[in-house]
1. The stretch 167-276: Rg/Rh from Cα coordinates, Kirkwood Rh?
2. With Rg and the Kirkwood Rh both taken from Cα atoms, where does Rg over Rh land for the stretch 151-219?
3. With all protein chains present and a 1.4 Å probe, how do Trp169, Trp253 order by accessible area, largest first?
4. Once ligands and nucleic acids are excluded and a 1.4 Å probe is used, how much of Val39 is accessible, expressed in Å² to the nearest 10?
5. My understanding is that a pair violates if its Cα-Cα distance is over 25 Å; which of Lys150/Lys208; Lys141/Lys208; Lys132/Lys209; Lys62/Lys209; Lys132/Lys208; Lys62/Lys208 do that in this structure?
6. Any idea of Tyr134's accessible area? Nearest 10 Å², probe 1.4 Å.
7. Could you give the Stokes-Einstein D for the stretch 38-170 in µm² per second, using the C-alpha Kirkwood radius, 37 °C, 0.692 mPa s?
8. List the residues whose amide H sits under 5 Å from the amide H of Asp153, counting only those 5 or more places along or on another chain, with H placed 1.01 Å from N in the peptide plane.
Amino acid sequence: MITKQHSFGSGIIVSVLLGVLVDVSGGMMSIQLIPQNSVIGGSVTMSVTGITGRMRYFIWYKGLNTDNNDHTILTYIPGDNPPLDPGPLYNSRMTPLLNGSLQISNLNRMDEGHYTVKIQADQQSDTRIYLKIYDAVGKPKMTASTLLPKENDAVTLTCTSTNAERIVWSRVPSGATLSSDNRTITFLIINHMDSGDYQCEAENPVSKKTSDPYTQTVAYGPENVKIIGQSLSYSTILLTCSADSVPLPTYQWFNGTYLSAQENTFHIDGANLDNELTFTCVVSNPVTQHTATASLYMNKDIATALCQTSGSGLGGGEIAGIVIGTVFGIFILEVIVYFVLKTKRKTPSSTVYENAQVPEQHIYEKTIPGTQGKLSQESNYQELTHKDKSIYSTMESASEKH
């Protein structure tokens, strides 16, 4: 057996067997595309299988008509020199294989169509196949019907791509619906929970590509408005207003009259807070046009108590608790002193009451709210003796009269 290579003007180099017929024994003849799907610029092999007996020659045609030589691509006769006889439709991108198969490289749109092969072995057979050539998909792009929708608006997200046969989405929220071709997601009533990144993937039999993430933002709020009070120093209090809102809201402060705008913080000079005031934060969303408020009651006692916890923060409920606790503590102290005087000032026990101390016998002291630890003992306490004309003595006298 002698092997020889032939080079043709077309640039094709074909290896042939000289002096022998190629044995391609098999079953029923068929053609299989390898790969199954072909893309522009790629290669394909139309692989012939199932030939019975020794092959004498094969002819490839473009189309279904095998009687018209104008449709001939090539004739290949093993043992001839040269074995390849190019036809009118032959070009250098086509390579015949010894088993009767045909390979085409650098595919273009003109290569698509029907192909027929006629093979003479023990008997003459022919079969055909259709070559479908696909373009690669283009990178998909996402768009939205509304760039910044409000809650309850209708919104449609669209995925577009060239040469796509199928669209797949990274997420489809439960309240959204897909179009029949999967190219759009529609929200009849969008919710801020639908905010986030969306991507779509475009596919066809030969390629797939994914879009860049598209961030869907939904305007909502303001919600959950609250004010937090925090001491910055012995006398300065910082009020901070916060809210859940998209986009960021605007702020206005009032205490019966307009105070400031645009800032979510407000400073109070607690030492000079002589009046009882209610500070109100008004929060507005420029897109939804919705407004929400929160209020915080403040007086000098609350401000003093808060400043004594320098560096900590108190909300409205905690500050209200300070007010109630302060008033209740003063009332309890007055009751305790009254009953002590009523019992003729017996030697005090070791019980220590909140906001009250008994440092020595016959002397009763009340801590002035907001001054503990800040002033000297002389200014920090009021001494109450048996003959004192203070409110406690008055309470005792009134009690005896009854």
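1. Checking Rg against Rh, the ratio lands at 1.29.
2. With Rh from the inverse mean 1/r over Cα pairs, Rg/Rh is 0.99.
3. Final ranking, largest accessible area leading: Trp169, Trp253.
4. 40 Å²
5. Over 25 Å Cα-Cα: Lys150/Lys208; Lys62/Lys209; Lys62/Lys208.
6. The accessible area of Tyr134 comes to roughly 40 Å².
7. 183 µm²/s
8. The answer is Ile190.
The values are calculated or read from the model by the stated rules, or taken from the named source; none is laboratory data. The model shown is predicted, which means the values in this text are computed figures rather than measured ones. No Cβ is skipped: glycine too gets one built from the backbone with ideal geometry, and neighbour counts run over all protein chains shown. The protein model used for the area step is the full one, side chains on, heavy atoms only, and it has no ligands, DNA or RNA in it. Shrake-Rupley method; radii C 1.70, N 1.55, O 1.52, S 1.80 Å.
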